[in-house]
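Q: Following this message is one structure expressed as structure tokens.
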Amino acid sequence: MFEIEKISGEDKTEFYKELNTYLEGLLEGETDWLAGMSNASSLLYLTMDNINWAGFYLYRDGELVLGPFQGKPACVRIQMGKGVCGTAAKTREIQIVEDVHKFPGHIACDTASQSEIVLPITAEDKLIGVLDIDSPIKGRFDEDDAKGLQDFIGILNERLIWPDNSMSISEYQVKAMRTKNRFTSVEGQILNASLGLAGEVGECVDHIKKGIFHGHKLNKDYVKKELGDIAWYIALMCDALDLSMDDVYRENILKLEKRYPNGFDKGQSINRAE
Ligand code: SME
């Protein structure tokens, strides 16, 4: 059993040093994210002064969903970009809010809350969720809290195995086809997919051409969006031909495993059978 005593830390730096040592002890030999986050929220709630809510929101299917926490029941889903949590998740930047009433779109879960800190949790550039702490007094959080809590998240990141929140290919296909034009014939759909693919690939390579030859800045986010559009038209073509994207991708991998059993090889590329 863990006895959590009040942490005496003289100043915030000392406090977080002690807190983070406690956390390391709590997580000893355990990698389960649910257990780890549950204990972590309890630790924060019991040791931090002047707070009324401490817990996590997890990133799932493009939004934040309530995770382990301590405090009053809270809103379950938060859209990306909405409230303090959604802003931290979208921008991936720590939000220190001195006065929640002055934060545009702040979502009030507990009317007692006056100030708030929210830190994004990412692993290998993937958003896992956010850590949210509320206080009943104004201006409770500052840069020292941000620094200490970042280290706290660092320990969680090091020790826990996060839930797999990636989208499957079949899930993407279903979601993408929600916006297909249902009134087009199969031939029309095939033609639309062909033109769309050529158009989106064109937009993508035009941007790359300008980046390489015209001195423009290569914008990774722009290329990312174009790749998404290309994926959408691949989904449309698969839909028209009654193919599952999952199957198409799987077959491609099997073909490449056969062609290059030990990774890419020039000789095998020149002399390939198919
Ligand atoms: N205030 C948060 C919502 C979560 S509760 O504080 C627990 C926000 O504006 O995102």
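Q: For L191 and A123 in the same chain, what is the full-extension length gain: residue separation times 0.36 nm, less their Cα-Cα distance, in nm? It would help to have the intermediate numbers written out before the result.
A: Values: separation 68, 0.36 × 68 = 24.48 nm, distance 4.02 nm.
The L191-A123 span can extend by a further 20.5 nm.
Q: Ok, one more. Using 0.36 nm per residue, how much length does the chain from V174 to Q150 gain when fully extended, once their Cα-Cα distance is taken away?
A: Values: separation 24, 0.36 × 24 = 8.64 nm, distance 3.70 nm.
Extra length available between V174 and Q150 comes to 4.9 nm.
Q: From the Cα gyration tensor of region 12-159, with a ≥ b ≥ c the square roots of its eigenvalues, which class applies: rounded if a/c is under 1.5, or else prolate if a/b is larger than b/c, or else oblate?
A: Values: a/c = 1.56, a/b = 1.18, b/c = 1.32.
Cα axes put region 12-159 in the oblate bin.
Q: If packing is taken as the average number of other Cβ atoms within 10 Å across a peptide's residues, how do 127-137, 195-205 rank, most packed first? Don't skip to the answer; put the middle values down first.
A: Working: 127-137: 23.2, 195-205: 14.6.
The densest-packed peptide leads the list: 127-137, 195-205.
Q: Beta carbons within 10 angstrom, averaged per residue: use that to sort the peptides 261-267, 237-243, 101-107, highest first. All intermediate terms of the calculation are to be shown ahead of the outcome.
A: On the way: 261-267: 8.3, 237-243: 16.1, 101-107: 12.6.
Averaged packing, sorted descending, gives the order 237-243, 101-107, 261-267.
Q: Go ahead and run the numbers for FRET between T21 and F264, Cβ-Cβ distance against an R0 of 51 Å, rounding to 0.05. Kindly include the intermediate steps, with their values, before the conclusion.
A: On the way: r = 47 Å, r/R0 = 0.93.
After rounding to 0.05, the efficiency reads 0.60.
Q: Between region 239-274 and region 201-217, how many Å separate their Cα centres?
A: Result: 28 Å between the Cα centres.
Q: Less than 11 Å Cβ to Cβ from L227, Lys/Arg counted +1 and Asp/Glu -1: what total charge do the surrounding residues give? Intermediate results must be reported in sequence, preceding the final value.
A: Numbers: positive: K220, K224, K225; negative: E200, E203, D221, E226, D229.
Here the charged neighbours net out to -2.
Q: Now a separate question. Can you give me the span-like helices of the chain, meaning DSSP H runs with 20 Å or more of Cα extent along the axis and Kyte-Doolittle mean at or above 0.0?
A: Helix filter hits for the chain: 33-47, 186-213, 220-240.
Computed from the coordinates by the stated procedures, all read-outs in this text should not be read as laboratory data. Everything quoted here is computed from the prediction, not taken from an experiment. Glycine gets a Cβ as well: all are built from the backbone with ideal geometry, and neighbour counts include every protein chain shown.
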